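Just so you know, all these numbers are worked out from the coordinates, no wet-lab data involved. Remember, predicted model here, so these are calculated numbers, not experimental data. Every residue, glycine as well, gets a Cβ built from its backbone with ideal geometry; the counts of neighbours run over all protein chains shown.
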Amino acid sequence: MTTDSALSALVRLGLAALLTVGIEAPFLTLVLFRELKRGKILAAFIPVCVLANLATNVALNVFVLAAAMALATGAGGLRPAIWFVVYPLEAAAVAAEYACYRALLGGSSKLFLLTLAANALSYGAGVLIFGHV
């Protein structure tokens, strides 16, 4: 990997993390605002949400980047192989973020589905902006 491509990868990782936080944190905060305000945990939820999203996004994208470099064949064979990595990691990110939110709000199917929806929104935006893996 050249210096330019390494810098480009770091910039993309940073932009992907900002995109994720910029979509998921406001989405969940707005949708859950009444519950967060009623429970007086709005101030605690926002940093937990931001940190959970940063942690899962950076971990997922670094792992995918490493897998892409390890699996690169130069013959177009990477894309089908990398999907077997991306989807389980996305599911793990949803589970990890839900666990963080559940610690503050208590578990519920609504919270899980909202966590899943937030991840789907940010994943979709990432695909639109950066393209598929």
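Of note:
- Matching residues, the stretch 96-114, being surrounded by 13 or more Cβ atoms within 10 Å (Cβ to Cβ) and either touching a residue at least 24 places away in the same chain (Cβ under 8 Å) or of a type in the set (A, V, I, L, M, F, W, C) (or both): ALA96, GLU97, CYS100, TYR101, LEU104, LEU105, LEU111, PHE112, LEU114
- Enumeration of residues in the stretch 37-52 that are in contact (Cβ under 8 Å) with a residue 60 or more places away in the chain and either crowded, with 17+ Cβ neighbours inside 10 Å or part of a helix (DSSP H, G or I) (or both): ALA44, PHE45
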